[in-house]
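The values are calculated or read from the model by the stated rules, or taken from the named source; none is laboratory data. Keep in mind the model is a prediction, meaning the values are calculated, not measured. Glycine gets a Cβ as well: all are built from the backbone with ideal geometry, and neighbour counts include every protein chain shown.
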Amino acid sequence: MDKDAASVQLCDEFREDNPHISNDTLDRFVRILQDIRSLPEATIKSSGFVIDTLEAAF
């Protein structure tokens, strides 16, 4: 299985195993769950929001 397929499978399985977390919330983590190394550095923020700081830490 390639990385993209594995990422999609991971997201799908996480959604199925955690029905109490909304899809809108999970969609905010797409950039982290995908290959964050491929993102241009300028697009990674550390604004103080947890998700932004998490991206910057990775």
>> Six or more apart or on different chains, Cβ atoms under 9 Å: show the pairs whose first residue is in the stretch 1-26 and of a type in the set (Asp, Glu) and whose second is assigned to a loop (DSSP other than H, G, I, E, B) and modelled with pLDDT under 85.
In response: Asp4/Gln34; Asp4/Asp35
> Of the conditions (1) closer than 15 Å to Glu55 by Cα; (2) among the hydrophobic types (A, V, I, L, M, F, W, C); (3) at pLDDT below 80, Cys11 fails just one. Which one is it?
Replying inline: (1)
> Taking the stretch 48-58 as the region of interest, how many residues are aliphatic (A, V, I, L, M) and surrounded by 11 or more Cβ atoms within 10 Å (Cβ to Cβ)?
Replying inline: 3
> Could you count how many residues in the stretch 35-44 are more than 23 Å from Val8 (Cα to Cα) and modelled with pLDDT under 85?
Replying inline: 0
